[in-house]
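To keep things clear, I will list the structure first and then write my remarks on it.
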Amino acid sequence: MEFSNHQPSAILQPYIDSYSTMDINWDTLTQPFRKWRLIPFGKPSLLFIFGDPHQYRIGSSDAPAAFTTKAFIVGQLKGPVWLEFSGHTKMLKVQFKPSGLRHFIKQDISEFTNKACIGLWSVFGYAANFLYEQLQEFPEMTCSVLNAFFEKRLLPPLHQTDHINYAIAVFEKSMGNLTITDVRSQLPFSERHLERIFKKHVGLTPNEYRKLIRLNHAFRYLDKYPGTSFTSLSHTIGYYDQAHFAHDFKQFAGSRPSQLRSLGSDELFVTNGNCFTGNFIKAV
């Protein structure tokens, strides 16, 4: 099992968080977590598969399964995606910032929302084939190949980017506890306009994004304090009551909070680079 993480070039860092690789031979692991539940965390991704493809399900663990393609975009998600691995996984991931993907394509990012396997060829055409071949043939040059590809496609500065990034930063700093009205009051336009441009550039509404910030804070808090009651947790992360917290949690995580601890340790919960078992003991 091998993992690596690399930074993009300086010019790309405002738009891309990282390049990371994963190499796992599942047959050699003593305790393989072959089933992952990907929890939304507010950032789109681009993945390249060089080993065996994996299966994915959207909406529920019982939904029909499909196999990934060799190179695909994972858009902003509003609910969990279940992943199942086998054989030998060799994967490369480009992790964009919340609004980062919009700086390389002219499409409205909301067109990709809740889609877990958008073929890269449908977005970049023949260039996607050439990129895949380069990455496969010259793995030691992964960072330079990716940097060259994205730097060439970086769009001119987009209108209102600063306002969108400011709203994102405010939501993250407050861990999702500021209201849309609070954030809008710090910007020179209406709440309706904020929602429209946020959805176009990020793929989510401001309210959906701030709820994801809260949810991910909840996972980190439960990992640090696994014995925390859900009533206490709901107040800690800014909910008025446990019922509203449980509603949002089920929407984005696919289960009520109380169900997760009964799921056992055969399923891995993955969100924003962090991995947790059902009883919220950090796994990796």
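The values are calculated or read from the model by the stated rules, or taken from the named source; none is laboratory data. Only a predicted model underlies this, so the values are computations on that prediction, with no experimental measurement involved. Reconstructed Cβ throughout: ideal geometry from the backbone, glycine too, with neighbour counts over all protein chains shown.
For the stretch 214-221, the criterion of being among the charged types (D, E, K, R), modelled with pLDDT under 90 and either closer than 20 Å to residue 41 by Cβ or under 19 Å from the mean Cα position of the chain (by Cα) (or both) is met by at least one residue.
In a residue-by-residue description of the stretch 81-103, the property of being surrounded by 14 or more Cβ atoms within 10 Å (Cβ to Cβ) and in contact with a Cys (Cβ under 8 Å, 6 or more places away or on another chain) applies to no position.
If I filter the stretch 15-33 down to residues being assigned to a strand (DSSP E or B) and either more than 15 Å from the chain's Cα centre (by Cα) or of a type in the set (A, V, I, L, M, F, W, C) (or both), which single residue comes out as nearest to residue 133 (Cα to Cα)? Break it down stepwise before answering.
The initial filter retains those residues of the stretch 15-33 that are assigned to a strand (DSSP E or B), namely 16-25.
Next, only the ones that are either more than 15 Å from the chain's Cα centre (by Cα) or of a type in the set (A, V, I, L, M, F, W, C) (or both) stay: 16, 21-25.
Working: 16: 22, 21: 16, 22: 18, 23: 18, 24: 21, 25: 22 Å.
That would be 21.
The listed residues are 216, 177, and the only one of them that is touching a residue at least 12 places away in the same chain (Cβ under 8 Å), among the polar types (S, T, N, Q) and in a loop (DSSP other than H, G, I, E, B) turns out to be 177.
Among the residues of the stretch 129-152, those identified as closer than 19 Å to residue 51 by Cα and of a type in the set (Phe, Trp, Tyr) are 130, 132, 138.
Just give me the residues in the stretch 32-65 being over 20 Å from residue 121 (Cβ atoms) and among the hydroxyl-bearing types (Ser, Thr, Tyr), in sequence order. Answer for the stretch 32-65, where residues must be over 20 Å from residue 121 (Cβ atoms) and among the hydroxyl-bearing types (Ser, Thr, Tyr): 60, 61.
Considered as a group, the residues in the stretch 261-284 that are part of a loop (DSSP other than H, G, I, E, B) and charged (D, E, K, R) include one that is modelled with the lowest pLDDT, and that residue is 261. Residue pairs whose Cβ atoms lie under 8 Å apart, separated by 6 or more positions or on different chains, with the first residue in the stretch 238-249 and closer than 16 Å to residue 213 by Cα and the second modelled with pLDDT under 90 and among the basic types (Lys, Arg), are 246/256; 249/256. Candidates in the stretch 13-34 are the residues that are surrounded by fewer than 17 Cβ atoms within 10 Å (Cβ to Cβ) and of a type in the set (Asp, Glu); of these, the one that is nearest to residue 99 (Cα to Cα) is 23. When residue 12 is tested against (1) in a loop (DSSP other than H, G, I, E, B); (2) free of Cβ contacts under 8 Å to residues at least 24 places away in the same chain, exactly one condition is not met: (2). The residues in the stretch 186-213 that are in contact with a helix residue (DSSP H, G or I) (Cβ under 7 Å, 6 or more places away or on another chain), part of a helix (DSSP H, G or I) and crowded, with 18+ Cβ neighbours inside 10 Å can be counted, and the count is 13.
Residue pairs whose Cβ atoms lie under 8 Å apart, sitting 6 or more positions apart in sequence or on different chains, and linking a residue in the stretch 65-79 that is more than 20 Å from residue 92 (Cα to Cα) to a partner that is part of a strand (DSSP E or B) and of a type outside the set (A, V, I, L, M), are 65/55; 65/56; 65/57; 65/84.
Number of residues in the stretch 222-255 that are farther than 19 Å from residue 174 by Cβ and either in contact with a Ser or Thr (Cβ under 7 Å, 6 or more places away or on another chain) or among the small types (Gly, Ala, Ser) (or both): the value is 12.
Only a single item in (1) assigned to a strand (DSSP E or B); (2) closer than 24 Å to residue 144 by Cα is not met by residue 36, and it is number (2).
Per the listing 258, 232, the residue uniquely exposed (fewer than 14 other Cβ atoms within 10 Å of the Cβ), touching a residue at least 12 places away in the same chain (Cβ under 8 Å), in a helix (DSSP H, G or I) and of a type in the set (Gly, Ala, Ser) is 258.
Looking only at the stretch 214-229, which residues are surrounded by fewer than 18 Cβ atoms within 10 Å (Cβ to Cβ) and either among the polar types (S, T, N, Q) or touching a Pro at 6+ places or on another chain (Cβ under 7 Å) (or both)? Hits for the stretch 214-229 are 228, 229.
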